[in-house]
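Below is one structure, written out as structure tokens; the observations come after it.
Read-outs: derived from the displayed coordinates by stated rules, not from any lab. If you're wondering where the values come from, they're calculated on a predicted model, not measured in any experiment. Cβ: placed from backbone, ideal geometry, glycine included. Neighbour counts: every protein chain shown.
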């Protein structure tokens, strides 16, 4: 079985189990009292993310590591917001999602045996996400120390663009050929 089919099988099994549980609870409401979920709803997202990651490893379907990281990360954000009541933080917390994708990509590549590719791809996305987080958090009312740092992000991006532009010009310039 290829990894795509394995991923589909994992998703199918998860949907069957969840649907079966909820259907059974509709006909037998006392089932809900057998298993008490003493966790807050965001932790269910973290748990589902962890379960998807575990199934990704067990079914040898590394591609599921990315959605697993996204689910767990969103659960973490919602847990923070649920505990603090700071729902307005979503205005800049969404910038962490590319970082979750980066973590999932890193795990995916590690499971595929591509360590250095995973580091490059995953850490690039995490760094991009961190920069977005600092920028938007600084502008939209995150912590005070972040609000003083966001101009540094603009400066760093400007320098990066200029350096790349200069490097491309040097690469495009061809040496003069002297004909004799």
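Normalised by the residues of the chain, what does the relative contact order come to in percent, with Cα pairs under 8 Å and at least six apart? Could you put the intermediate results ahead of the total?
On the way: 194 pairs, mean separation 27.9, N = 180.
This gives 15 percent for the chain.
Please work out the Kirkwood hydrodynamic radius for region 7-95, using every pair of different C-alpha atoms, and report it in angstroms with one decimal place. The partial results should precede the final answer.
Numbers: mean 1/r = 0.0682 Å⁻¹.
Taking every pair of different Cα atoms in region 7-95, averaging 1/r and inverting gives 14.7 Å.
Using the C-alpha gyration tensor of the chain, what are the square roots of 5 times its eigenvalues, in whole angstrom, with the largest one first? Mind showing how you got there, number by number?
Numbers: eigenvalues 363, 139, 19 Å².
In descending order the semi-axes read 43, 26, 10 Å.
Ranking 148, 124, 105 by Cβ neighbours within 10 Å, fewest first, what do you get? Numbers along the way, then the final one.
Working: 148 10, 124 13, 105 25.
Least crowded to most crowded, the residues run 148, 124, 105.
Between helix 144-172 and the chain, what is the angle of the helix's C-alpha long axis to the longest principal axis, kept within 0 to 90° and rounded to the nearest 10?
Tilt relative to the chain: about 50 degrees.
Mind checking the angle between helix 41-58 and the chain's longest principal axis? C-alpha axes, 0 to 90 degrees, to the nearest 10.
Its long axis makes an angle of about 80 degrees.
Out of 77, 161, 97, any idea which swings most in a Gaussian network model of the chain, alpha carbons joined below 10 Å?
Of 77, 161, 97, the Gaussian network model singles out 161 as fluctuating most.
Which angle between 0 and 90 degrees, to the nearest 10, do you get for helix 65-84 versus the longest principal axis of the chain when only C-alpha atoms count?
Helix 65-84 and the main axis of the chain meet at about 80 degrees.
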